[in-house]
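Only one structure is covered here, and it is reproduced in the block below.
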Amino acid sequence: MEVKIGVQHAPREIVIESTQSAEEVERAISDALAGKAPLLSLEDSRGRKVLVPSERLAYVEIGEPAARKVGFGAL
């Protein structure tokens, strides 16, 4: 699952591939925005953790990755 995180006062967004479900990601975001957690903590597909301070979140986009096409094909 692809997650894009916009951070205030940062020119680029953070993009991670996560093995967490959409519900788990949404729950973590909701907890961070509600003030239950001071940091948004997500884990990527390689086991690395991404931590973003809750007060610096601008937006979070949750979506499925696009399937990459392999080989030759007609359009």
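The values are calculated or read from the model by the stated rules, or taken from the named source; none is laboratory data. Fair warning: this is a prediction, and the values are worked out from it, not measured in the lab. All Cβ positions, glycine included, derive from the backbone under ideal geometry; neighbour counts span all protein chains shown. Calculation scope for accessible area: heavy atoms of the full protein, side chains included, ligands and nucleic acids excluded. Shrake-Rupley method; radii C 1.70, N 1.55, O 1.52, S 1.80 Å.
For the chain, the gyration tensor built on C-alpha atoms gives a prolate shape. Its axis ratio a/c (a ≥ b ≥ c) is at least 1.5, and a/b is the larger of a/b and b/c. Relative contact order, whole percent, for the chain stands at 36, derived from Cα pairs under 8 Å and 6 or more residues apart.
Heavy atoms of the protein chains alone define the surface here; on that basis the chain has 77 Å² accessible area per residue at 1.4 Å probe size.
Calculated mean residue ellipticity, 222 nm, the chain: -5500 deg cm²/dmol, from DSSP H runs (n ≥ 4) at -39500 (n - 2.57) each, averaged per residue and rounded to 500.
Between helix 22-34 and the chain there is an angle of about 30 degrees, using the helix long axis and the longest principal axis of the Cα atoms. Which of rounded, prolate or oblate describes region 1-41 when judged by the alpha-carbon gyration tensor and an a/c cut-off of 1.5? Oblate, since a/c reaches 1.5 and b/c is not below a/b. Surface composition of the chain: carbon and sulfur make up 51 percent of the accessible area, probe 1.4 Å.
Filter the trypsin sites (Lys or Arg not before Pro) in region 1-47 to those in DSSP coil with at most 15 other Cβ atoms within 10 Å of their Cβ, and list the result. Passing sites in region 1-47 are 12, 36, 46.
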